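Mind looking over this structure? Questions follow.
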Amino acid sequence: MPVTHGFKIPLMRPIVDQEMLQAAAVSLQNEKLVMGESVYKFEEEFARYCGTRYAVSTGSGTAALQIALQSMGIDQIDEVITTPFSFFATSNAIIHAGAQPRFADVENHGFNLDPQKVEASLTQKTRAIIPVHLYGHPARMNEFRDLADDKGISMIEDACQAHGAEQNGRRVGSFGHVGCFSFYTSKNMTVCGDGGMIVTNDEQVADTARSFRDCGRASKYTMARIGYTSRLNTVNAAIGRVQLRRLDKWNEARRGIANLYRRELTDAPGVELPPAEMSGETPVYHLFVVRSDHRDQLALHLEKNGVEAAIHYPIPIHLQAPYRARYRYSEGAFPLAERLAEHVLSLPIHPAITEEEVRTVSRLVRSPVPE
Ligand SMILES: Cc1ncc(COP(=O)(O)O)c(C=O)c1O
């Protein structure tokens, strides 16, 4: 049974069903454990799902970002601009790739990186930008694409929280030169373990990424580059193929839950809902995140009543200890991201949560929070 940490209503609940168990057993009994047939099939199916020509699986989402950057030739003298308000793996991957992370602040009213603030932060050394589709809300892809094309830099989408999200009829991951996904166990689809995927239309980037993730091989015992052991295990790919077939249905369920929360929490005192959906946009609600001036008390109130809530993320990346030490960041550098870190609260959302549970959570969110 997936772990629910003893909460009556957990934040999320990984799904493992009979078909996934069966796929795992068949894979373990019949395939090569590493780089078996399921890996290639999963890559093919994932590329088709995203609407890209190629997909290259990796050992994690972080590795997908790092390998994507390195496969695009981004190196030590290059700067890559991203958001300070994400899971810290986004910018760690830039450092792992050997480049320098730079940040620009988020939108005034949303959670995502602001294209205009990115433009104002570009330098001669900027080689790429990494917008993140945070919580499953697509970032402003048209503006980022125009900016990247105009300035002759690359755009890499961090779609680790947004499998299946769409903007103007296209799936995220397919807008940038490269899109990166994570299959970590909390994501909208998982591989029941760690895993990641790079999607792209660029054949050379795909070929280079395939070599990087497999020890830098050119062939079995010749090397083209200094690579990594960062392959997706065959059994995980076999499970991922089953989960991919379920993804649209699960995302639809998440969207229904988000709509129910929106209805139940309309006018809830002191609570700000996630930004309204823009026309042509289909978010996939990896998380349902509200903002509150009494966030910490509200989280405690929910916890005392058996509801698991969480903060994604309590410290913006630039204020994490290693970033302060390395880049000398301090409070006030990115005020909107810092404000979000103080106010955001993620409420339970997953495909199997019931309407009754959503109503229970909403009642608690609306009820007066003890001081
Ligand atoms: C936005 C974002 N980027 C990158 C990652 C890194 O993915 P992984 O944990 O698979 O390395 C994650 C997830 O954990 C994430 O949420």
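When the scattering of the chain is computed by the Debye formula from its Cα atoms alone, each counted once and equally, what is log10 I(q)/I(0) at q = 0.15 Å⁻¹?
The Debye formula, applied to the Cα set alone, gives -1.36.
In debye, nearest 20, what is the charge dipole magnitude of region 247-366 about its Cα centre with +1 on Lys and Arg Cβ and -1 on Asp and Glu Cβ, if you could check?
Its charge dipole is roughly 280 debye.
Tally Lys/Arg at +1 and Asp/Glu at -1 over every other residue whose Cβ is under 12 Å from the Cβ of residue 127; what's the total?
Charge balance in the 12 Å sphere: 0.
How big, in percent, is the set of alpha carbon pairs in region 247-366 lying more than 22 Å apart?
Within region 247-366, distances greater than 22 Å cover 41 percent of Cα pairs.
Sorted from largest down, what three extents in whole angstroms do the Cα atoms of region 156-243 have along their principal axes?
43, 28, 17
Let me ask something additional. Hey, any idea what Rg/Rh is for region 17-83, computing Rh the Kirkwood way over Cα pairs?
Answer for region 17-83: 1.11.
Hey, another quick one. Please report the base-10 log of the normalised intensity I(q)/I(0) for region 1-160, using a Debye sum with one equal scatterer per alpha carbon and no solvent, at each q in 0.08, 0.15, 0.16 (1/Å).
These q points yield log10 I(q)/I(0) values of -0.32, -0.93, -1.00.
With 27 Å as the limit, write out which pairs from 41/249; 32/220; 151/249; 8/249; 41/125; 41/187 have Cα-Cα distances beyond it, or answer none.
151/249; 41/125
Turning to a different aspect of this structure: Taking every pair of Cα atoms in region 248-303, average 1/r, invert it to obtain the Kirkwood radius, and report Rg/Rh to two decimals.
On the Cα set of region 248-303, Rg over Rh gives 1.01.
In whole angstrom, note down how far apart the Cα centers of region 296-371 and region 27-80 are.
With region 296-371 and region 27-80 each reduced to a Cα centre, they are spaced 31 Å.
None of the figures in this text is laboratory data; all of them are computed from the coordinates on show. Just so it is clear, the model here is predicted, and its values are computed rather than measured. Cβ atoms come from the backbone with ideal geometry, glycine included; neighbour counts cover every protein chain shown.
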